[in-house]
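A.B. asks: Structure below; questions to follow.
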Amino acid sequence: MMNGYIDDKAALLARLARIEGQVRGLARMVEGDKYCIDVLTQVSATTRALQAVALELLDDHLKHCVVEAAAQGGELAQEKVREATAAITRLVRS
């Protein structure tokens, strides 16, 4: 079974690279003694960017992995639904 994000892998990696740049920028802000509210604003933007990636991955998982497993039925389908539920729970708690 292939990952659901395989068709968008390049775009996903590009988004993660931008987020990595945002995190490096945060470190530079702290090193440069920037105003705490400005740093917090950037932390919030970085957090939202990561959440957007997580939601995209979850959407891909549901559309690909869960749907494929549901078509097969049985224990695999139940396992994929449990995985998705656990992932959603982690996202909501974060």
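A.B. asks: Taking the stretch 57-94 as the search range and keeping residues that are basic (Lys, Arg) and more than 22 Å from residue 14 (Cβ to Cβ), which one is surrounded by the most Cβ atoms within 10 Å (Cβ to Cβ)?
C.D. replies: Among residues in the stretch 57-94 that are basic (Lys, Arg) and more than 22 Å from residue 14 (Cβ to Cβ), the one surrounded by the most Cβ atoms within 10 Å (Cβ to Cβ) is 80.
A.B. asks: From 23, 39, which residue is surrounded by fewer than 16 Cβ atoms within 10 Å (Cβ to Cβ), β-branched (Val, Ile, Thr) and part of a helix (DSSP H, G or I)?
C.D. replies: 23
A.B. asks: Answer yes or no as to whether residue 54 is of a type in the set (Gly, Ala, Ser), surrounded by 11 or more Cβ atoms within 10 Å (Cβ to Cβ), part of a helix (DSSP H, G or I) and in contact (Cβ under 8 Å) with a residue 12 or more places away in the chain.
C.D. replies: yes
FYI, it's all coordinate maths here, none of it is from the lab. Nothing here was measured: the structure is a model prediction, and the numbers come from that model. With ideal geometry, Cβ positions are generated from the backbone for all residues, glycine too; neighbour counts draw on all protein chains shown.
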